[in-house]
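See structure below.
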Amino acid sequence: MTHELLTHLEDKTQELKGGGLSEEEAAKISTQAFGPPQLIAQQIYEVHSQGTWQEAFFAALPHLLVALLFASYHWKNLISLSIILAAVTCIVIYGWCHNKPMWFFPWLGYYLLPVIITGSLLIYLPSGWVWLATLAYFPLALFAFAYIMKQTASRDWLYVSLMLAPLPVVFSWSLALGINGVLPGNMLLTRLQPAIPWIVVSFLVLAVATFAFTRVRQRWGKAATLLIPPSVILVSVTLVNRGNIGFWGWLILLFSLLALASPAWLKAKA
Amino acid sequence: MDYGRELLKGNTDCLLLCLINNQPTYGYQIIKELEKRSNGYFRFKEGTLYPALHRMEKDKLIKGKWQVLPNGQQRRYYHITKRGQQALAKRLLDWRDFSTAVRLVTQPETI
């Protein structure tokens, strides 16, 4: 795209120079004739930012799958979980190798989840091994995280929010239900059972928001769609726990709102 | 409201399809050709042409291809697609009906 605009400017400048103008004057007039760069950038963004219906569906699909996993109680089934993890891995590899299309970022967000969960499970290792595992695992995980964030942000800051959207949902529910550690199966089930319909609603909302994000053309509209899920989750979590989600729960929710709002804020500041 | 600008905005796609249908062409040439053929009537901010071209390409009405000229310069030539030709035919028909209707109302004696 940039190359195409540059060739246009070069043609115009050459023509004006042929008419007797100096290089500087010709370049200035060519640039002025082009119109306001911000308007052109916005128009081009709006053309390329809208995904097709299929892309929108595919972007929302991982959230729908998670909602389905909970709705059908298959989240307890190791085989179902392994199949989904394998599918996510294959799709992430495919998307990464094929110019990272917009629909790929929600899948990437879920791919990061096992990395974080593995990290949090390290504290349950025997005491001597914890430090060793921490030293080996955390620098690697942080490097991978930083690399992925950098790559994603280089495409668009909004994609970082799109990618991270599932993480606050998962953390909020985990903290709110007090299952941030390893619990015996029956205890986990007792705590999760009453919240399952709300968890399903949370992921469905995330799916709808992602679908809208892909279809909306305007940048502000995309940022707005990403702000809906944390608000709904906040209400859901509060309803289930009667407002008692603990200090960390509130902190995570506040952080998620800030993280998701940051692209809109950065855009307004630019 | 600038009436002329609004008219141009509503018919940009039709004008661009018409030019590209005549022969594959590139952005700068389109601007020159539009200005020349309309005796200077159609002048729009040059940068705004490209979002329109890319939108039409996304809608599969045209297709852009980079070509290297004998002097080494590169140009992105736009070709009309089958779908673009169908869209153009429909828009020209709509335009003809519309202009006839306008003429019938404004100058009934000339019909």
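The values are calculated or read from the model by the stated rules, or taken from the named source; none is laboratory data. Because the structure is predicted, anything quoted here is derived from the model rather than measured. With ideal geometry, Cβ positions are generated from the backbone for all residues, glycine too; neighbour counts draw on all protein chains shown. These accessible areas exclude ligands, DNA and RNA; they are computed on the full protein's heavy atoms, side chains included. Shrake-Rupley method; radii C 1.70, N 1.55, O 1.52, S 1.80 Å.
Some values worked out for this structure:
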quantity: Interface size A-B, as summed buried accessible area [1.4 Å probe, Å², nearest 100]; calculated: 1900 Å²
quantity: Listed residues A:M163, A:M1, A:M102 arranged by accessible area, highest first, probe 1.4 Å; calculated: A:M1, A:M102, A:M163
quantity: Rounded accessible area of A:E24 (nearest 10 Å², 1.4 Å probe); calculated: 150 Å²
quantity: Cβ charges +1 (Lys, Arg) and -1 (Asp, Glu), total dipole of the range A:1-156, debye; calculated: 840 debye
quantity: Heavy-atom accessible area, 1.4 Å probe, ligands and nucleic acids excluded: residues of the range B:22-54 down by at least 40 Å² from chain alone; calculated: B:Y28, B:K45, B:E46, B:G47, B:T48, B:Y50, B:P51, B:H54
quantity: The protein assembly as shown - accessible surface per residue (Å², probe 1.4 Å); calculated: 58 Å²
quantity: Kirkwood Rh and Cα Rg combined as Rg/Rh, the protein assembly as shown; calculated: 1.11
quantity: Accessible area, probe 1.4 Å, largest first, for residues A:W129, A:W103, B:W95; calculated: A:W129, B:W95, A:W103
quantity: Long-range HN-HN contacts of B:T25 with modeled amide H, under 5 Å; calculated: B:Y78
quantity: Shape call, the range A:53-174: gyration tensor on alpha carbons, a/c limit 1.5; calculated: oblate
quantity: Whole-Å semi-axes of the ellipsoid equivalent to the range A:1-72 (Cα gyration tensor, √5λ, descending); calculated: 49, 10, 7
quantity: Mean Kyte hydropathy of -1.0 or more with a Cα span along the axis of at least 30 Å, helices from DSSP in chain B; calculated: B:82-106
quantity: Cα-only Debye scattering, chain B: base-10 log of I(q)/I(0) at q = 0.11, 0.13, 0.19, 0.20 Å⁻¹; calculated: -0.41, -0.56, -1.06, -1.14
quantity: Selection from B:I30, A:I233, A:F143 lying farthest towards where the dipole of the protein assembly as shown points positive, charges on Cβ; calculated: A:I233
quantity: Phi to ³J(HN,Hα) by Karplus 6.51 cos²θ - 1.76 cosθ + 1.60 over the range A:194-201, Hz, x for Gly, Pro; calculated: x, 8, 4, x, 5, 5, 4, 4
quantity: Distant-in-sequence amide H partners of B:I62 (H built 1.01 Å from N, under 5 Å); calculated: B:E57, B:T81
quantity: Listed residue pairs exceeding 23 Å between alpha carbons, taken from A:K17/B:K45; B:K9/B:K58; A:K12/B:K82; B:K58/B:K90; A:K222/B:K58; calculated: A:K12/B:K82
quantity: At least 50 Å² accessible surface lost relative to isolated chain, residues of the range A:8-51 (1.4 Å probe); calculated: A:H8, A:D11, A:E15, A:V47
quantity: Within a Gaussian network of chain B (alpha carbon springs, distance under 10 Å), most fluctuating of B:Q23, B:Q74, B:Q85; calculated: B:Q74
quantity: Portion, in percent, of the accessible area of the range A:73-182 that falls on carbon or sulfur, probe 1.4 Å; calculated: 75 percent
quantity: Approximate spin-label separation A:K17-B:K82, in nm, with each point projected 7 Å along Cα-to-Cβ; calculated: 4.4 nm
quantity: Which of A:A27, A:C90, A:A56, positive extreme of dipole for the range A:1-90 (C-beta unit charges); calculated: A:C90
